[in-house]
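One structure is given here, and the rest of the page talks about it.
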Amino acid sequence: MNLFLSSMYFGNSAHKLSKMLTKNKNVAIILNANDFLGDNRTKYYNESKLILNNLGLNCTELDLRNYFKKDPVSLKLKLLNFGLIWVTGGNTFILRRAFYESGLDQILPDLLKNKEIIYGGFSAGACVVTPSLKGLEFADDPNIIPNGYPNEIIWDGLNLISFCIVPHFKSEQSEAFGINKIINFYKEKNIFHHTLNDKSAILIEDDIEFFYDN
């Protein structure tokens, strides 16, 4: 399993992500954590695309809403065309709902058995792969529900990694609101977690973890 998890975009490790990629330079950018922003949801696409294009990669938005209530096999076949699945920040609870409604949460573990496919994400895109989303409600409102989304809050993460992630640690970004409350919650509950500042990243290659804290 190959993962690239960061706090803000690629931190200082975009070049390391580039080295992880194989021959397939196509990137699917998933923006669904921003579906509550309306026309402003493309901000993270444009900024991610600029960085990825500079790495020689080809970017396409993949909107999980197009696969809601459908056979997830069609989504899996689509994703097999990409070497990198890049998931942006935003609201982690909305993103988790999108993974569930599209079936991506079912097919992603199997997809990532293919060493030529990398999952990458920052902020919400990183937090969603952890064991649990409990505690993240101090920063992301779980009750924000865009049109077409179910009301139920999903508290389970994808459990692709064994620890929780706290992004935007000691950050001046607006996304940093509530971060200390999350950390205190994890400490009180003895939940294993890692903090990430906006320059740091976690790379997992063949299930081996590498931490880059700049």
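Summary table below
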| quantity | calculated |
| --- | --- |
| Neighbourhood charge, 13 Å Cβ-Cβ cut-off, centred on Asn24 and excluding it, Lys, Arg +1 and Asp, Glu -1 | +2 |
| Sequence ranges 121-129, 63-71, ranked by mean other-Cβ count within 10 angstrom, highest first | 121-129, 63-71 |
| Estimated translational D of the range 163-214 in µm²/s (Stokes, Kirkwood radius over Cα pairs; 20 °C; 1.002 mPa s) | 181 |
| Alpha-carbon Rg/Rh ratio, for the range 41-94, with Rh computed the Kirkwood way | 0.99 |
| Per residue, the convex hull volume that the Cα atoms of the range 1-41 enclose (Å³) | 109 |
| Residue list for the range 1-38, given a label point 7 angstrom along the Cα-to-Cβ vector of Asp63 and an amide N cut-off under 20 Å | 27-38 |
| When each of Lys78/Lys113; Lys76/Lys113; Lys78/Lys134; Lys23/Lys76 is checked by Cα-Cα distance, pairs over 23 Å | Lys78/Lys134 |
| Kirkwood Rh, Cα atoms: Rg over Rh of the range 1-115 | 0.94 |
| Spin-label pair Ile153/Leu55, simplified geometry with 7 Å Cα→Cβ offset, distance in nm | 3.3 |
| Per residue convex hull volume, Cα atoms of the range 100-214, in Å³ | 118 |
| Test item: Cα-centred dipole of the chain, Lys/Arg +1 and Asp/Glu -1 on Cβ, debye | 360 |
| Whole-number Å³ per residue for the convex hull built on Cα positions in the chain | 109 |
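FYI, it's all coordinate maths here, none of it is from the lab. These numbers come from a predicted model, not from an experiment. We place every Cβ from the backbone using ideal geometry, glycine too, and count neighbours over all the protein chains shown.
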